[in-house]
Structure formats: structure tokens, C-alpha cells
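J.: First the structure, which I've put down as C-alpha cells, then a few questions once you've had a look.
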Amino acid sequence: MNSAIGTPKEVLDTPALCIDLDVLEANIMYMAQAAHSMGVGLRPHSKTHKSPAIAHMQLAAGAHGVTCAKIGEAEVMARAGIRDILIANQIVTKDKIARLMGLAAYTDVMVAVDTAGNIADLSAAAEAHGVTLRVLVEVDIGLGRCGAMPGEDSLALARLAHESKGLRFEGVMGYEGHTVMIADEDERRRATEASLMLLTGTADWVRSAGIDVKIVSSGGTGTYKITGAWPGVTELQVGSYGTMDVQYYENVGMKEFNYALTLAATVVGVKGSERAITDAGIKSLTKDFGWPLLIDPPGWELTGLSEEHGWLTRRGGAALRPGDRVTVVPTHGCTTINLHDEYHVLRDGRLVGVWPIAARGKVR
Ligand SMILES: Cc1ncc(COP(=O)(O)O)c(C=O)c1O
């Protein structure tokens with residue numbers, strides 16, 4: 001692999017997942033300034049980039065902590081020196097609870113809870129390990145995934161967490177995952193505000209029961225402007241904005257950000273003038289949000305992915321030959337990044353670093 005510093009993007013061996021550092025920095029700065037001007041905190045979700053280096057860039061730009069999806073991701077961030085970590089999921093198995101106690105012994109890790117049984121298990125483990133574990137009650141604000149029902153059910157859990165030894169109840173979290181990708185802006189706003197009403201209404205209910213609610217956490221890239229401005233929300237858990245992808249940029253229209261993430265691939269064969277085959281298949285690119293976007297060369301489209309091959313169809317472009325380079329933008333950054341070991345980090349089209357994607361594959 002040609003990965004000497006200074007190598008131009010065009011001669012990196014492929015498939016190569018690339019990050020344009022200027023664009024990444026601009027995206028990170030844009031969100032940090034937006035959060036600052038809305039007066040809301042920022043706890044970026046590292047499930048997208050899976051990189052402690054990028055998490056540190058977000059912290060340096062003003063974020064006060066990170067969000068993780070899994071305990072394995074949280075362990076990677078903790079080992080990289082990050083202390084304020086939210087695991088925005090439930091940790092329920094014995095093994096994982098023990099790992100969580102390990103993290104609680106040297107970080108300010110915080111975890112989502114949504115059942116009384118889990119609260120009891122976490123409390124017993126925290127007591128046994130002599131640690132204090134921070135918890136947020138997750139409220140289902142319409143996604144229908146995890147979370148307790150808003151109102152009475154969430155209040156009961158908040159009270160239980162507040163009274164449980166070994167736990168520190170910090171507040172509530174939601175995730176409006178069912179609204180973040182609504183293409184119509186008015187409809188997205190209407191649906192998001194309906195969800196946020198459930199979240200902040202629940203927080204108010206908990207407060208009126210005499211329990212302090214410090215944190216009200218929610219938000220995704222598609223809703224950051226709505227959620228960040230909503231009274232009562234204290235922090236945003238946005239993930240995809242840093243690297244960006246086609247789903248958010250093209251389909252949802254988040255054009256204030258740009259594509260930092262691309263995949264460089266090479267044409268390995270052609271079939272007549274209308275079909276070309278690349279070296280980047282489904283092991284390099286995901287299609288859970290549709291076909292990745294071929295942005296270079298113009299006049300060609302990615303129309304298929306098999307295990308190790310990308311299938312290109314000519315749409316008026318100049319003929320391709322084996323050895324020609326193509327650039328593809330992932331439709332879904334989170335799942336595509338998970339396929340790769342490292343980022344090829346570029347400034348002005350030249351390699352300035354190779355960064356491990358240290359939290360890739362950390363599904364446990
Ligand atoms: C709980 C939670 N919070 C925040 C996010 C961030 O979302 P996005 O990548 O849309 O910014 C996600 C994404 O799936 C999520 O699951």
C-alpha cells in the first residue's frame with residue numbers, strides 16, 4: 001500500500017476510504033458554531049466516524065462529550081482519553097455490565113436505561129464495584145425502538161434511578177430517528193417538534209416531582225436546527241454531519257455541510273463501452289440507503305455492487321479503461337466506515353496521515 005505522507009490521492013492504492021481534512025474541519029466547526037449560537041451543548045455521536053482522533057477534533061471545537069452506541073465504542077473512546085461518554089443504548093448483559101463498571105471506575109460514563117429491572121441490575125453492580133454510574137432515562141419519543149413511554153412510565157423510572165444506590169440520575173434522552181430524514185423541511189419540523197414536546201414535557205414532569213433533570217439529550221444531523229433551538233433540550237447527539245453522506249446531503253438537503261468522506265476505487269475491467277467494473281464492492285461500500293454516488297469521472301453511474309466489484313454504467317461519460325480512478329461518495333457514512341480499517345487523511349489532495357478507525361466492528 002502506497003501510504004507515504006505526501007502521496008497524491010490519485011496514486012493511493014485502492015479501495016481507499018479518504019477524508020478531506022479541510023472539509024471535515026469545516027463541518028465540525030459549522031456544527032459547533034450552530035450549537036453555540038443556539039445555546040445548546042454538543043455531544044457528537046461517534047458511531048459515525050468511530051475515530052478517537054475525530055472525536056478529539058469535535059471536543060476541541062467545543063463539544064463537551066461524546067455519544068457512543070456500544071460499550072466497545074465507549075471503551076475505545078475512553079482509552080483515547082475521553083472522559084464524558086454517553087452510551088445511548090441499554091447495557092443489559094452481565095458481561096457488558098461488568099465492562100461498564102470498569103469504565104465507570106475511570107471515566108464519567110453515562111448510560112441509557114428504560115426498564116426497572118435494568119436499573120436494579122446496574123445499581124447492584126455499581127454498589128458491588130464501589131462506583132457511581134450516571135444514567136439517563138431513555139424516552140421513546142416516537143421512533144418505536146428503545147425507551148420508556150413518555151410521562152408516567154418515564155417518571156417512575158427516573159424516580160427509581162434517582163433513589164437507587166450506586167446510580168446518579170442525570171436526566172432524559174430521546175432520539176427522533178423517525179424524523180431526521182424527512183425530506184420536506186416543514187414536515188420534518190412538525191414531526192420533530194411533536195417528538196420534542198414529549199421529551200421536554202417528560203423532563204418537566206420529573207422536575208415537578210422534585211427530581212433534578214440536568215441533561216435533556218436528543219437530536220440527529222437532520223434535526224439539529226430544530227432540536228438545538230427547542231427550549232429545554234440541553235445537548236445534541238448529532239453524528240453524521242462530520243463526514244456526511246449522500247443520504248443527508250442529497251436526499252435530506254443538509255447542504256450547509258459537505259462531503260468529507262469519499263472512497264477511491266480503480267477500474268479493473270470494462271465490458272464494451274457501456275460497462276466498467278471497479279475494485280470496490282459490497283465489502284467496501286454499503287447500500288442500505290441506496291447506491292453510493294459516483295462523482296468522478298462524470299457521466300458514469302454506480303449501478304451494482306457484488307462482493308469485490310462495483311458495477312458502473314455509462315451515462316454519456318468518456319470511455320473508461322482498466323487502471324482509471326473513480327471517486328464514490330457513500331450513501332450511509334456510519335455503515336460504510338465500519339467496513340474499513342483506516343482513513344486516508346488528505347489535505348489539498350495529498351496524504352497527511354493514516355488514522356485507524358479504532359471503533360469499527362465494536363458491536364459488542
Ligand atoms: C441514539 C442516537 N442518537 C443520535 C444519532 C445521530 O444521528 P445522525 O447520524 O443522524 O446525526 C443516532 C443515529 O442513529 C442515534 O441512534
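The values are calculated or read from the model by the stated rules, or taken from the named source; none is laboratory data. What you see is a predicted model; the values in this text were computed from it and never measured. When we count neighbours, we look across all protein chains shown, and the Cβ atoms used for this are built from the backbone with ideal geometry, even at glycine. Areas reflect the complete protein model, heavy atoms only, side chains present, ligands, DNA and RNA absent. Shrake-Rupley method; radii C 1.70, N 1.55, O 1.52, S 1.80 Å.
J.: Project the alpha carbons of the stretch 29-140 onto their principal axes and report the range along each, largest first, in whole Å.
T.: Its Cα atoms span 42, 30, 22 Å along the three principal axes.
J.: So what does the Cα-only Debye profile of the stretch 1-57 read at q = 0.14, 0.15 Å⁻¹, as log10 I(q)/I(0), no solvent term?
T.: The calculated log intensity ratios at q = 0.14, 0.15 Å⁻¹ are -0.54, -0.60.
J.: Within the accessible area of the stretch 123-280, what % is carbon and sulfur when the probe is 1.4 Å and the other protein chains stay in place? If you can, show how the numbers build up before the last one.
T.: Values: 3040 of 6070 Å².
The value for the stretch 123-280 is 50 percent carbon and sulfur by accessible area.
J.: Out of residues 5 or more away from Val326 or on other chains, whose amide H comes under 5 Å of its own, with H placed 1.01 Å from N in the peptide plane?
T.: For Val326, whose amide H was placed from the backbone, the distant partners under 5 Å are Ala265, Thr266, Val267.
J.: Now a separate question. Mind checking which of Gly220, Gly228, Gly269 has the largest fluctuation in a GNM of the chain, springs on alpha carbons under 10 Å?
T.: Its mean-square fluctuation being the largest, the pick is Gly269.
J.: A follow-up question, please. Among bridges DSSP assigns within the chain, what percent are antiparallel (round to 5)?
T.: Approximately 55 percent, going by the DSSP bridge assignments.
J.: Here's another thing I want to ask about it. At what distance in nm do the modelled label points of Ala60 and Thr313 sit from each other, each positioned 7 Å from its Cα along Cα→Cβ?
T.: Placing both labels 7 Å beyond Cα along the Cβ direction yields 4.4 nm.
J.: Quick check on the chain: what are the equivalent-ellipsoid semi-axes from the Cα gyration tensor, as sqrt(5λ), descending, whole Å? Don't skip to the end; give the middle numbers.
T.: Working: eigenvalues 324, 94, 60 Å².
The equivalent ellipsoid of the chain has semi-axes of 40, 22, 17 Å.
J.: Also: Compute the angle between helix 94-106 and the longest alpha-carbon principal axis of the chain, please, reported from 0 to 90 degrees and rounded to the nearest 10.
T.: Result, in degrees: 80.
J.: Something else now. Rounded to the nearest 10 degrees, what's the angle between the helix 116-129 long axis and the longest principal axis of the chain, both from Cα atoms, 0 to 90?
T.: So the helix axis and the longest Cα principal axis differ by about 90 degrees.
J.: Quick one: length gained pulling Glu301 to Val11 fully straight, 0.36 nm per residue minus the C-alpha distance? Display every interim value, and only then the final one.
T.: Working: separation 290, 0.36 × 290 = 104.40 nm, distance 2.21 nm.
Stretched fully, the Glu301-Val11 segment lengthens by 102.2 nm.
J.: Can you give me the solvent accessible area of Thr200 with a 1.4 Å probe, rounded to the nearest 10 Å²?
T.: Per-residue accessible area (Thr200): approximately 20 Å².
J.: Testing the spin-label approximation: label points 7 Å from Cα along Cα→Cβ at Ser37 and Arg190. State their distance in nm.
T.: Calculated label separation equals 2.7 nm.
J.: Kindly express, to the nearest 10 degrees and within the range 0 to 90, the angle between helix 152-163's C-alpha long axis and the longest C-alpha principal axis of the chain.
T.: On a 0 to 90 degree scale, this one is about 70.
J.: Please list 3J(HN,Hα) in residue order for the stretch 203-214, calculated via the Karplus relation 6.51 cos²θ - 1.76 cosθ + 1.60 where θ = phi - 60°; whole Hz, with x for glycine and proline.
T.: Values, residue by residue: 4, 5, 4, 5, 4, 6, 8, x, 10, 5, 10, 7 Hz.
J.: HN-Hα J couplings of the stretch 292-299 from phi, Karplus 6.51/-1.76/1.60, θ = phi - 60°, integer Hz, Gly and Pro as x?
T.: With the stated coefficients, the stretch 292-299 comes to x, 9, 7, 9, 8, x, x, x Hz.
J.: Going down the list Lys165/Lys225; Lys9/Lys283; Lys50/Lys271; Lys96/Lys165; Lys9/Lys70; Lys94/Lys225, which pairs span over 31 Å between their C-alpha atoms?
T.: Details: Lys165/Lys225 37 Å; Lys9/Lys283 21 Å; Lys50/Lys271 37 Å; Lys96/Lys165 19 Å; Lys9/Lys70 33 Å; Lys94/Lys225 39 Å.
Long pairs (Cα-Cα over 31 Å): Lys165/Lys225; Lys50/Lys271; Lys9/Lys70; Lys94/Lys225.
J.: Calculated FRET efficiency, Met197 and Trp355, Cβ-Cβ r, R0 45 Å, to nearest 0.05?
T.: Values: r = 40 Å, r/R0 = 0.90.
Once the sixth-power term is evaluated, E becomes 0.65.
J.: Mind checking which of Gly304, Gly232, Gly142 has the largest fluctuation in a GNM of the chain, springs on alpha carbons under 10 Å?
T.: In this elastic network of the chain, the residue with the biggest mean-square fluctuation among Gly304, Gly232, Gly142 is Gly304.
J.: While we're looking at this one, here's another question. Can you compute 3J(HN,Hα) from phi for each residue in the stretch 40-54, using the Karplus curve 6.51 cos²θ - 1.76 cosθ + 1.60 with θ = phi - 60°, rounded to whole Hz and x for Gly and Pro?
T.: 10, x, 10, 10, x, 7, 7, 4, 6, 8, 6, 10, x, 4, 6
J.: Between Ser306, Ser217, Ser240, which gets the highest mean-square fluctuation from a Gaussian network model of the chain, Cα cutoff 10 Å?
T.: Ser306
J.: A further question follows. Given a 1.4 Å probe, how much area per residue of the stretch 21-242 is accessible, in Å²?
T.: Working: 8340 Å² over 222 residues.
Here the per-residue accessible area is 38 Å².
J.: Which value in Å does the Kirkwood hydrodynamic radius of the stretch 88-218 take, with 1/r averaged over all unlike C-alpha pairs and then inverted? Write out the running numbers ahead of the final one.
T.: Details: mean 1/r = 0.0667 Å⁻¹.
By the Kirkwood definition, the hydrodynamic radius is 15.0 Å.
J.: Same structure, new question: May I ask you to derive the FRET efficiency for Ala183 and Val92 from their Cβ-Cβ distance with R0 = 30 Å, giving the value to the nearest 0.05? Don't jump to the answer; show the numbers that get you there.
T.: Numbers: r = 35 Å, r/R0 = 1.17.
Given R0 = 30 Å and the Cβ-Cβ separation, E is 0.30.
J.: How many Å³ per residue does the convex hull of the Cα positions in the stretch 249-364 occupy?
T.: Working: hull volume 14.7 nm³, N = 116.
Given the Cα convex hull of the stretch 249-364, per-residue volume reads 126 Å³.
J.: Can you give me the P(r) profile for the stretch 152-203? Cα pairs, bins 10 angstrom wide beginning at 0, each as a whole percent.
T.: The distribution over the stretch 152-203 is 23, 38, 23, 13, 2, given as percents.
J.: Considering the alpha-carbon set of the stretch 297-364 alone, what are its Rg and its Dmax in angstrom?
T.: In Å, with Rg to one decimal and Dmax whole: 15.0, 46.
J.: Report the Cα centroid-to-centroid distance between the stretch 118-174 and the stretch 194-237 in angstrom, as an integer.
T.: Their Cα centres are 16 Å away from one another.
J.: Would you mind calculating the gained length between Arg145 and Lys255 on full extension (0.36 nm times residue separation, minus the Cα-Cα distance), in nm to one decimal? All intermediate terms of the calculation are to be shown ahead of the outcome.
T.: Values: separation 110, 0.36 × 110 = 39.60 nm, distance 2.84 nm.
Between Arg145 and Lys255, full extension yields 36.8 nm more.
J.: Rounded to the nearest 500, what is the chain's calculated 222 nm mean residue ellipticity when only DSSP H runs of at least 4 contribute -39500 (n - 2.57) each, over all residues? Before the final figure, lay out the partial values.
T.: Numbers: 9 runs with 110 residues, N = 364.
Rounded to the nearest 500, the figure is -9500 deg cm²/dmol.
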